[in-house]
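The values are calculated or read from the model by the stated rules, or taken from the named source; none is laboratory data. In this text, all values refer to a predicted model and were calculated from it rather than measured experimentally. Quick reminder, even Gly has a Cβ in these numbers, built from the backbone with ideal geometry, and neighbours come from all protein chains shown. Side chains are part of the model used for accessible areas, which takes the heavy atoms of the whole protein and leaves out ligands, DNA and RNA. Shrake-Rupley method; radii C 1.70, N 1.55, O 1.52, S 1.80 Å.
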Amino acid sequence: MTLTLDNRSQNKESSLTQALRQIQQLNSKIQELEQQHQDYVQKQQNLISAIAEICVSPMQEVQALRILIYRGEAACRQYLRSVLVKQRKAS
């Protein structure tokens, strides 16, 4: 009887240890995802600032934001580069 109770206690303890380890792993993953999200938000804020600085018309700003939303950061940066090239050619 004592061996059965000890065995059950060990199983419960190992289950709790496994659960604790899983919780720690999840917390670690959550922290990693939060950092990635913060990095993403910072990049987006920097890009929006660049849109405001580079675009000379509201239509260009709207187009840049549409590209950012629907096609992503790389496409938006490419669009902003093309706007800068056009501005340099015009001046």
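Restricting attention to the range 69-89, report how many residues are over 17 Å from Glu53 (Cα atoms) and either in contact (Cβ under 8 Å) with a residue 24 or more places away in the chain or among the aliphatic types (A, V, I, L, M) (or both). Full working, then the answer.
Filtering the range 69-89 for residues over 17 Å from Glu53 (Cα atoms) gives 69-72, 74-75, 89.
Checking which are either in contact (Cβ under 8 Å) with a residue 24 or more places away in the chain or among the aliphatic types (A, V, I, L, M) (or both) leaves us with 69, 74-75.
Residues flagged as over 17 Å from Glu53 (Cα atoms) and either in contact (Cβ under 8 Å) with a residue 24 or more places away in the chain or among the aliphatic types (A, V, I, L, M) (or both) within the range 69-89 amount to 3.
Name every residue in the range 50-65 that is open to solvent by 50 Å² or more (accessible area, probe 1.4 Å) and over 19 Å from the mean Cα position of the chain (by Cα), in order of residue number.
Ala52, Glu53, Val56, Pro58, Met59, Glu61, Val62, Gln63
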Next on the checklist: Just the residues that are farther than 30 Å from Ala90 by Cα and either in contact (Cβ under 8 Å) with a residue 40 or more places away in the chain or open to solvent by 100 Å² or more (accessible area, probe 1.4 Å) (or both), please, taken from the range 38-49.
Outcome noted: Gln38, Tyr40
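Starting from residues that are part of a loop (DSSP other than H, G, I, E, B) and among the hydroxyl-bearing types (Ser, Thr, Tyr), keep the ones in the range 50-91 and report whichever is nearest to Tyr40 (Cα to Cα). Write out each step before concluding.
From the range 50-91, those part of a loop (DSSP other than H, G, I, E, B) are 55-57, 72, 91; that's our starting set.
Retained after the next criterion (residues that are among the hydroxyl-bearing types (Ser, Thr, Tyr)): 57, 91.
Details: Ser57: 26, Ser91: 34 Å.
Only one residue tops the list, namely Ser57.
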